[in-house]
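Below is one structure; the comments refer to it alone.
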Amino acid sequence: MLRFSFKETPFVIKNAKDADAQAIGTELTRISDQNGGLLTPDNAWEAARNRRNPLHRHVEWNVEIAAKAYQLDQCRELIRIIRVVDTDRDDKKRRAFVSINDGGRAYRSTGEVLDSRDLQLLVLEQAEKDLKAWEARYGDLLEICAMVRQARLRLAEIRDTQQAEVRPQ
């Protein structure tokens, strides 16, 4: 029998304090097996609709709350897909907004980030965290992870250099 646990980093699910990793993992495995080895959010949702299913209590069934969460995801996607076209230079497209955590997760214009060393440092810190998360997720693929680790270490060097330049001596 497989033994399941939750990931170490913080995660957000409904009724998280009462969540049973073994029950959830076992149910997700059952759904996967029932669908020829494919586990999709759709087939997990179908199973979770049953009130007796261990996934049910971790899904938002209040339509208003669920609708708002979905609408927020749609707005996040709208923010992520917009690009700025630099018509003064080479018509190159770049992200219009960058996700930054500076006292709370929000988006800043790419131009504002490019004009601020402090915001650039926040972006570098987030990139390093993202690469660490990627390494953890794909840790079994050692050769690929070695290349990502090198990129992450290089990002850390750049961040450290920029932080040293910003700090008063």
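The values are calculated or read from the model by the stated rules, or taken from the named source; none is laboratory data. What you are looking at is a predicted structure, and each value in this text was computed from that prediction instead of being measured. Don't worry about glycine lacking a Cβ; one is built from the backbone with ideal geometry, like all the others, and counts go over all protein chains shown.
Annotation: D140 fulfils all but one of (1) under 26 Å from F11 (Cβ atoms); (2) surrounded by 12 or more Cβ atoms within 10 Å (Cβ to Cβ); the unmet one is (2).
Please indicate, with yes or no, whether at least one residue in segment 59-72 is within 30 Å of R3 (Cα to Cα), among the aliphatic types (A, V, I, L, M) and modelled with pLDDT of 95 or more. Yes: one or more hits. Report whether or not I79 is surrounded by 12 or more Cβ atoms within 10 Å (Cβ to Cβ), out of contact with any helix residue (DSSP H, G or I) (no Cβ under 9 Å at 6 or more places or on another chain) and either aliphatic (A, V, I, L, M) or in the same structural domain as A127 (by TED's automatic domain parsing) (or both). So I79 fits the description; yes.
A quick yes/no check of all residues on (1) of a type outside the set (S, T, Y); (2) more than 29 Å from E135 (Cα to Cα); (3) exposed (fewer than 10 other Cβ atoms within 10 Å of the Cβ); (4) not assigned by TED's automatic domain parsing to the domain that holds D115:
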residue: L2; (1), (2), (3), (4): yes, no, yes, yes
residue: D20; (1), (2), (3), (4): yes, no, no, yes
residue: G25; (1), (2), (3), (4): yes, no, no, yes
residue: I31; (1), (2), (3), (4): yes, no, no, yes
residue: G37; (1), (2), (3), (4): yes, no, yes, yes
residue: E46; (1), (2), (3), (4): yes, yes, no, yes
residue: L72; (1), (2), (3), (4): yes, no, no, yes
residue: D86; (1), (2), (3), (4): yes, yes, no, yes
